[in-house]
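A quick write-up on the structure given underneath.
The values are calculated or read from the model by the stated rules, or taken from the named source; none is laboratory data. A quick note: this is a predicted structure, and the numbers were derived from the prediction, not measured. Please note: Cβ atoms are built from the backbone with ideal geometry, for glycine as well, and neighbour counts cover all protein chains shown.
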Amino acid sequence: MQSTEHSDFDIRDYLRTDLFPHFMCPGCGHGIALRALLWALHELDISMNNLALVSGIGCSGRTAAYVDTNTMHVTHGRPLAFATGLKLARPDLAVVVITGDGDCLAIGGNHLIHACRRNLDMTCVMLNNEVYGMTGGQVSPTTSNDRFTTTTPLGNHEPVFDACELATAAGASLVGREITLQTPSLKDLFKTALSHRGFSFVEVISDCTEIYGRKNDLGNSTEMILKQKSGIRPESYGNAVEHPFRPGDWKTGILTRVERPEYGDSYRQHIATKQRAVKTVTK
């Protein structure tokens, strides 16, 4: 779904520019993903006063700090746990979690499973660059086979997680994936996720040009964004001829969308029912 609408979006209206220059390396896909997310929030007219961004540890965790809104930078692997408490306490807020493949699937994997299971109304954005970029370049659950990291000097031999299949199996009611190269499509996927009533999981295939790209000789950022996306199915795009993608197993766009009871609503109804029952008994 490509947006053709003209927009007065200016990313500087949403950033804490006093914190610049930012920490991201040249060519890092995380900045593209952040721009797409803010673009989506702009088009949905979600006020920064009514938004909360929760992030964990890692390169992904630093992105939220640059947004001029309510932000929480929490412990490694725990942003979904903090966000759950925040959303239950303040259901009026639009809660978005920004996390990475290591933060979300390794140390935070347990929290992801139960966030999907509950189906609380929030959006989880997982920036997947296939590596622990900030903490030393270690292997992550999404590191491709045979790729070199600081902890796999002979190449990665572990099976790779499909994060979207995991989220779907655990019960997430909206699951999608997109790549940073297709920024308008990524923005539209974010809009769908933010508008969905329930738990939304969006995997963004991002790029680590320095810690990961250099070690695996993936070229400069332009070359890497094409090489690392070669496993994406070109059928997902109308401009497949323009980009040299090779057919692969990874699909993009909305992969799962189902209607399930939203946890916050059902929990509040459950408590109200129990409270009425207690009052009836005590009369």
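Brief remarks on what is shown
- Residue ID - nearest to the chain's Cα centre (by Cα), chosen from residues in the range 265-283 that are basic (Lys, Arg), in a helix (DSSP H, G or I) and loosely packed, with under 11 Cβ neighbours inside 10 Å: 274
- Given (1) modelled with pLDDT of 95 or more; (2) surrounded by fewer than 20 Cβ atoms within 10 Å (Cβ to Cβ); (3) under 21 Å from residue 81 (Cβ atoms), index of the condition residue 192 fails: (3)
- Exactly one residue among 130, 210, 158 is surrounded by fewer than 19 Cβ atoms within 10 Å (Cβ to Cβ) and either closer than 19 Å to residue 63 by Cβ or in contact with a helix residue (DSSP H, G or I) (Cβ under 6 Å, 6 or more places away or on another chain) (or both), and that residue is 210.
- Under the condition of being within 26 Å of residue 28 (Cβ to Cβ) and surrounded by fewer than 19 Cβ atoms within 10 Å (Cβ to Cβ), the residues counted in the range 167-189 number 2.
- Residue ID - farthest from residue 190 (Cα to Cα), chosen from residues in the range 79-97 that are outside any helix (DSSP H, G or I) and without any contact (Cβ under 8 Å) to a residue 60 or more places away in the chain: 90
- Screening 35, 90 for residues that are more than 12 Å from the chain's Cα centre (by Cα), within 21 Å of residue 117 (Cα to Cα) and of a type outside the set (Ser, Thr, Tyr) leaves exactly one candidate, 90.
- So residue 73, is it surrounded by fewer than 18 Cβ atoms within 10 Å (Cβ to Cβ), in contact with a helix residue (DSSP H, G or I) (Cβ under 8 Å, 6 or more places away or on another chain) and not β-branched (Val, Ile, Thr): yes
- Filtered by the rule that a residue be surrounded by fewer than 18 Cβ atoms within 10 Å (Cβ to Cβ) and either of a type in the set (Lys, Arg) or within 25 Å of residue 8 (Cα to Cα) (or both), the range 79-92 gives a lone residue, 90.
- Residue match in the range 48-64 (condition: at pLDDT 95 or above, among the charged types (D, E, K, R) and on the phi < 0 side of the Ramachandran plot): no
- Some residue of the range 49-58 being in contact (Cβ under 8 Å) with a residue 12 or more places away in the chain, surrounded by 12 or more Cβ atoms within 10 Å (Cβ to Cβ) and more than 21 Å from residue 81 (Cα to Cα): no
- Taken over the range 9-55, the criterion of being of a type in the set (D, E, K, R) and out of contact with any Lys or Arg (no Cβ under 7 Å at 6 or more places or on another chain) is satisfied by 10, 12, 13, 16, 18, 35, 45.
- Restricting the range 39-57 to residues that are under 13 Å from the mean Cα position of the chain (by Cα) and of a type outside the set (Ser, Thr, Tyr), the residue that is nearest to residue 192 (Cα to Cα): 53
- When residues in the range 244-264 are screened for being assigned to a loop (DSSP other than H, G, I, E, B) and either closer than 20 Å to residue 189 by Cα or at pLDDT 90 or above (or both), 8 of them pass.
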